[in-house]
Amino acid sequence: MRRWSERGSIRCLAREQERLLPNVLDIIAASAGSLNFNDALLVPLQREGSISEVASFDGGFDVLPTFVRVTDL
């Protein structure tokens, strides 16, 4: 991770939480609670192109057919 950071491959997105809060709450509701806040935050970040696919075995994401996750690690 240090090398990724040093070459600028890591982007801190924590401040995006406030801006994306309405979207995150909508996603939690749409998932019927399958996704918690942290997981739901990944969805609009991916939709905007801020992040790419997410490595996760969390089946909760499956309620959102457009979300791209990688499970074959």
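Whether any residue in the stretch 31-45 is open to solvent by 70 Å² or more (accessible area, probe 1.4 Å), modelled with pLDDT under 90 and among the hydrophobic types (A, V, I, L, M, F, W, C) is what I want to check.
No: zero hits.
For the stretch 28-66: of the residues being in contact with a strand residue (DSSP E or B) (Cβ under 8 Å, 6 or more places away or on another chain), part of a loop (DSSP other than H, G, I, E, B) and not small (Gly, Ala, Ser), which is nearest to residue 12 (Cα to Cα)?
So, considering only residues that are in contact with a strand residue (DSSP E or B) (Cβ under 8 Å, 6 or more places away or on another chain), part of a loop (DSSP other than H, G, I, E, B) and not small (Gly, Ala, Ser), the one nearest to residue 12 (Cα to Cα) is 53.
The values are calculated or read from the model by the stated rules, or taken from the named source; none is laboratory data. On a predicted model such as this, the values are computed, not experimentally measured, just so you know. Neighbour counts are summed over all protein chains in view; Cβ atoms, including those assigned to glycine, are modelled from backbone coordinates with ideal geometry. The protein model used for the area step is the full one, side chains on, heavy atoms only, and it has no ligands, DNA or RNA in it. Shrake-Rupley method; radii C 1.70, N 1.55, O 1.52, S 1.80 Å.
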